[in-house]
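Engineer: Once you've had a glance at the structure underneath, I'll fire off some questions.
The values are calculated or read from the model by the stated rules, or taken from the named source; none is laboratory data. Source: prediction; values computed, not measured. Glycine also receives a Cβ, built like all others from the backbone with ideal geometry; neighbour counts cover every protein chain displayed. Side chains included, ligands, DNA and RNA excluded: accessible areas come from the protein's heavy atoms. Shrake-Rupley method; radii C 1.70, N 1.55, O 1.52, S 1.80 Å.
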Amino acid sequence: MADQDISVGGPSPSSVTIDQGDYAEDTAVHSTFYTLGTLNIANESDSADVLDVSVHLAEFAAGIKLNVEENANVNLTSLSLDDRPFIPGDYPVYEFSVADGATLDMSSGFLRHVLGQDAMPNQGQIFVDLSGPGTSTLIFDSADIVYFSDDPGASATFTGISAGDQVVVPGAASATYANGMLTFQDASGGTLADFHAAGLNPEDITFENGTMTYACYLKGTHIATPGGEVQIENIKAGDRVLTASGDVATVKWLGHRTLRKQRIPTKDAIRAFPVLFKKDSIAKNRPHRDLMLSPGHHVYFDGALIPAMLLVNGRTIIQQFDMKVFEYFHIELERFDIILAEGVPAESYVDTGNRKMFQNAKAVALHPDFAPAEGRPVIEGIEVVRSGPVVEAVRKRLFQRAQALTQSVRVADPDLRIEVNGQEIRAQDPRQGEGVIRFVLPAGIGDVRIRSRSAVVRETSLSARRDLRQVGVGLVRITIEDQEGRRDIDLQSTRLGGMHAPQDVHGVAMRWTTGDAVIPAALHGVNGPAVLELHVLRTYSYWDDALQRAA
């Protein structure tokens, strides 16, 4: 396929979307912006190629907006501009957003026309948005740029940096973050790039081989050794690590495997995706950085080993279902023991017949089996616990820790209310809870929304659960009384929205709402003023941010 020209703004649409998968590997896109238009680059086919894009600004173009969408991979090769009068302070604006799994490479051929020796004094300002779930990567190749002035100032402004995002500056030997500025230096200490990046936590920033990563994922986890902490991927057989008891153990083998979201069946998600333990989520300085563990990896609590997936609370311990690609490492010792990962006591690898899941084992499984391992050996003094009082006590402790860190509280009040025609209606009896709750509805209503607090079942329960449903209140009956009389709304109706499937509770059919259920007008058929009764059999425990709002 030949190179393709694309126009944005002016005589062309103000927003243009292309898919990088529609272009051959050696095809380049030449984009011309006539006004401040938007070019969206998608990757619906999940192409592994890199799309080269050159940018040209017409005379009166105010700048560009370029959105690199999920899993797209774009290289900005060059920038050219029509002749334009020099107006002090009149800077073209270059706005970029980089979505989950996407990479944007700003080559030196592009940046030298914005920031470097080929730049006019009013050449441009760069803004990069890395917000959203998942991981985004920006490559900023400023290594060969001679800046237009002796004091280049900030190269760009970053917003939305979150866990897993990466900024790569080729040639950088070090990086610092202070006073909201992220600075990359070369080997001699000279500045390669200087970014506005307000609001980052310096303790969540790591730097290695020219790459700044915010809140490490799996690869990069620090393991305690007699000589200090070492990133897990750099550990090899024969190395020595510290154990939780203070002893020294020898590494026998380091296993690793890379998983991709698109190849994980939905039914296996809870047993496959990493669990994030935020800094200090277990205790002060434990972990001392954000820590990511596989969901089945056991964390040590006073003689008990508890799987990470059973400790999720949705506030400080969160399963990362949005990650596209992630790599697990496991350390096998000469003898099983408890090691320290980011200061957290966690188990070393135990061979229970699942070694084939690792890519560097003799037998490699193309599609890993996420089922629980069988035949785990009995370790004296250490008990694997998955339910019961011990788990509940640990979860209660972690709830208390989460409340202290996030200013959230677990509450029993569902804050049940009705919304009709954009108006919120509270119950006649302000006391909320299980029982019959009555709401007076005005005439002329449309759909009726049943709103309440909601929670993911496993995130607020003291007992260890794997239930991922978002639940509000459990209803066993809905009645309407208007001038036509009193009647029941069929709780089994498929026309009801925002409700889970019925479940049997001691012989009674109950349906949980999601926290935002809908009774369509065509189903309730209310004529004139009415009274709605919700028969609530169960409520749940909910996280509430009232303390945070009050602050």
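Engineer: For Val29, are the conditions met, namely being buried (at least 19 other Cβ atoms within 10 Å of the Cβ), over 17 Å from Ile126 (Cβ atoms), at pLDDT 85 or above and among the β-branched types (Val, Ile, Thr)?
Structural biologist: yes
Engineer: Tell me the residue from Asp100, Asp165, Asp129 that is open to solvent by less than 60 Å² (accessible area, probe 1.4 Å), under 26 Å from Asn67 (Cβ atoms) and at pLDDT 85 or above, please.
Structural biologist: Testing whether each residue is open to solvent by less than 60 Å² (accessible area, probe 1.4 Å), under 26 Å from Asn67 (Cβ atoms) and at pLDDT 85 or above leaves just Asp129.
Engineer: Keeping to segment 302-346, report how many residues are part of a strand (DSSP E or B), surrounded by 21 or more Cβ atoms within 10 Å (Cβ to Cβ) and free of Cβ contacts under 8 Å to residues at least 60 places away in the same chain.
Structural biologist: Of the residues in that region, 2 qualify.
Engineer: Return the residue satisfying two criteria in turn: it lies in segment 103-125 and is open to solvent by 50 Å² or more (accessible area, probe 1.4 Å) and part of a loop (DSSP other than H, G, I, E, B), and of such residues it is modelled with the lowest pLDDT.
Structural biologist: Here the residue is Pro121.
Engineer: Moving on. Here is a list of conditions, (1) out of contact with any Leu (no Cβ under 6 Å at 6 or more places or on another chain); (2) open to solvent by less than 60 Å² (accessible area, probe 1.4 Å); (3) over 30 Å from Arg397 (Cα atoms); (4) at pLDDT 95 or above, and Val476 meets all of them except one; can you say which number that is?
Structural biologist: Status for Val476: all satisfied but (1).
Engineer: In segment 353-411, how many residues are of a type in the set (Asp, Glu) and modelled with pLDDT under 60?
Structural biologist: 2
Engineer: If you don't mind, there's one more thing I want to ask. Go through segment 395-431 and report how many residues are in a loop (DSSP other than H, G, I, E, B) and under 23 Å from the mean Cα position of the chain (by Cα).
Structural biologist: 2
Engineer: Here is a check on your reading of the model: is His256 in a loop (DSSP other than H, G, I, E, B) and either modelled with pLDDT of 80 or more or surrounded by fewer than 19 Cβ atoms within 10 Å (Cβ to Cβ) (or both)?
Structural biologist: No; evaluated as a whole, the condition is false for this residue.
Engineer: Confirm whether Tyr34 is in contact with a Ser or Thr (Cβ under 8 Å, 6 or more places away or on another chain), among the aromatic types (Phe, Trp, Tyr) and touching a residue at least 12 places away in the same chain (Cβ under 8 Å).
Structural biologist: Against the criterion (in contact with a Ser or Thr (Cβ under 8 Å, 6 or more places away or on another chain), among the aromatic types (Phe, Trp, Tyr) and touching a residue at least 12 places away in the same chain (Cβ under 8 Å)), Tyr34 qualifies.
Engineer: Check Asp280 against each of (1) modelled with pLDDT under 85; (2) in a loop (DSSP other than H, G, I, E, B); (3) of a type in the set (Asp, Glu) and name the one condition it does not meet.
Structural biologist: So the condition that Asp280 fails would be (1).
Engineer: Here is a further query. Please count how many residues of segment 55-85 are in a loop (DSSP other than H, G, I, E, B), under 32 Å from the mean Cα position of the chain (by Cα) and crowded, with 18+ Cβ neighbours inside 10 Å.
Structural biologist: Residues meeting the conditions: 3.
Engineer: Search segment 280-301 for residues being touching a residue at least 24 places away in the same chain (Cβ under 8 Å) and open to solvent by 50 Å² or more (accessible area, probe 1.4 Å), and hand back the single one that is nearest to the chain's Cα centre (by Cα).
Structural biologist: Arg289
Engineer: A follow-up question, please. Kindly provide the set of residues from segment 226-240 that are of a type outside the set (S, T, N, Q), at pLDDT below 95 and not in a loop (DSSP other than H, G, I, E, B), ordered by number.
Structural biologist: Across segment 226-240, the qualifying residues are Gly228, Glu229, Val230, Ile232, Glu233.
Engineer: Of everything in segment 8-55, what is out of contact with any Gly (no Cβ under 7 Å at 6 or more places or on another chain), of a type in the set (Gly, Ala, Ser) and on the phi < 0 side of the Ramachandran plot? Give them in sequence order.
Structural biologist: If the condition is that a residue be out of contact with any Gly (no Cβ under 7 Å at 6 or more places or on another chain), of a type in the set (Gly, Ala, Ser) and on the phi < 0 side of the Ramachandran plot, then Ser12, Gly21, Ala24, Ala28, Ser31, Ala42, Ala48, Ser54 are the ones that fit.
Engineer: A further question on this structure: Is it true that Arg449 is farther than 25 Å from His297 by Cβ, modelled with pLDDT of 95 or more and open to solvent by 60 Å² or more (accessible area, probe 1.4 Å)?
Structural biologist: Here the answer is yes, as Arg449 does meet what is asked.
Engineer: Give Glu481, Glu459 a once-over and let me know the one that is within 11 Å of Leu532 (Cβ to Cβ), of a type in the set (D, E, K, R) and either out of contact with any helix residue (DSSP H, G or I) (no Cβ under 8 Å at 6 or more places or on another chain) or at pLDDT below 95 (or both).
Structural biologist: Exactly one residue qualifies, and that residue is Glu481.
Engineer: While we're here: Can you name the strands (runs of 3 or more DSSP E) wholly within segment 456-519 that have at least 3 residues being touching a residue at least 24 places away in the same chain (Cβ under 8 Å) and under 17 Å from Pro414 (Cα atoms)?
Structural biologist: The qualifying strands (runs of 3 or more DSSP E) are 474-482, 508-519.
Engineer: Looking at segment 4-18, I want the residues that are in contact (Cβ under 8 Å) with a residue 12 or more places away in the chain and have a partner that is of a type outside the set (A, V, I, L, M, F, W, C) and open to solvent by less than 40 Å² (accessible area, probe 1.4 Å) with Cβ atoms under 6 Å, at least 6 apart or on another chain. Which pairs are those?
Structural biologist: Ile6/Ser31; Ser7/Thr32; Val8/Gly37; Gly9/Gly37; Ser14/Gly37; Ser15/Thr38; Thr17/Asn40
Engineer: Answer yes or no as to whether Phe277 is surrounded by fewer than 23 Cβ atoms within 10 Å (Cβ to Cβ) and among the aromatic types (Phe, Trp, Tyr).
Structural biologist: Spelling it out, it is not the case that Phe277 is surrounded by fewer than 23 Cβ atoms within 10 Å (Cβ to Cβ) and among the aromatic types (Phe, Trp, Tyr).
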